[in-house]
Amino acid sequence: MMEIVERVKDTDVPVLIQGESGTGKELIARAIHERGSRRAAPFIAVNCGAIPEHLLESELFGYAKGAFTGAVRSRMGLIEEADRGSFFLDEVAELPPSLQVKLLRVLQEKETRRVGENLIRRVDVRFISASNKDVDSEIEAGRFREDLYYRLKIIVIDIPPLRDRREEIVPLLDHFLSRYSKELGRVTPCFSERALNLLLNYSWPGNIRELQNEVQRCLILSKEDTVLTEEFLTERIIG
């Protein structure tokens, strides 16, 4: 996976990352940004499915003072904030049709306009998007613009589920053990052989996110133990 990141990190072309929920799509997007030529500029992320449609436009594009009730001052949009950096659109297939048109213009013309304002602003942004849906099916159903899709998918990265890349489980466990141990101010423990075998043989339907949560939970429950045994694992992993 990191080989692909290395190949695309210094280009400016849009990247589409596809994979199940929790597979680490945002981690890949951040790696592309942090290893690339835009790393000194902002990395801005937004989940298109997490913000109500009536708020999403002003979040993405900003608004002018007086554009709507409550707009007491102008506000820069998230796309503007990402100028010279990278903009990550998570769950891009959830983007409403009206905003798909506006995003297409940004990609084509490299310019944006705030809600309630006529001034056009130039932006230099590298777009990285992600989806856990089959976007081709969304196009066939008339829910996603084909022209926007082809603008976003110049480079496509398909992330397999964690169950299909078990060789990454141990490095991921080590990474999250180290990260959360530092946050908790404790010595980094290790998993017992029995616990590790259970973790390696689990199917991880929630992918990296589930593994991350499991490590964090074990560290909290184990307090200062230097070896994490199976007693700290959730029942679904023990079986």
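All of the numbers you see were taken from the coordinates with simple rules; none came from a lab. Owing to the predicted nature of the structure, the values given are computational and were not obtained by experimental measurement. Don't worry about glycine lacking a Cβ; one is built from the backbone with ideal geometry, like all the others, and counts go over all protein chains shown.
A compact table of results
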item: Flagged links, alpha-carbon separation over 30 Å, of K9/K110; K9/K133; K102/K133; K65/K133; K133/K223; result: K65/K133; K133/K223
item: Built amide H within the under 5 Å cut-off of A71, gap 5+; result: G66
item: Beta bridges per DSSP with both ends in the chain, % antiparallel, nearest 5; result: 15 percent
item: Proximal charge balance of P14 [Cβ under 10 Å; K/R count +1, D/E count -1]; result: +2
item: Part-to-part distance (alpha-carbon centres) for the stretch 183-239 and the stretch 133-151, which is given in Å; result: 39 Å
item: Cα-derived Rg to Rh of the stretch 130-239, Kirkwood definition; result: 1.15
item: Listed residues V170, L60, L119: farthest to the positive end of the dipole of the chain (Cβ charges); result: L119
item: Label-point separation, E6 to N197 (7 Å along Cα→Cβ), nm; result: 3.6 nm
item: Selection of trypsin sites (Lys or Arg not before Pro), the stretch 192-239, meeting DSSP coil and at most 10 other Cβ within 10 Å; result: K223
item: For the stretch 2-159, alpha-carbon Rg relative to the globular expectation (2.2 N^0.38 Å, N residues); result: 1.02
item: Per-residue Cβ neighbour rank within 10 angstrom, fewest leading, F61, F232; result: F232, F61
item: Loop-resident sites, the stretch 49-104, for trypsin sites (Lys or Arg not before Pro), counting at most 10 other Cβ within 10 Å (DSSP); result: R73
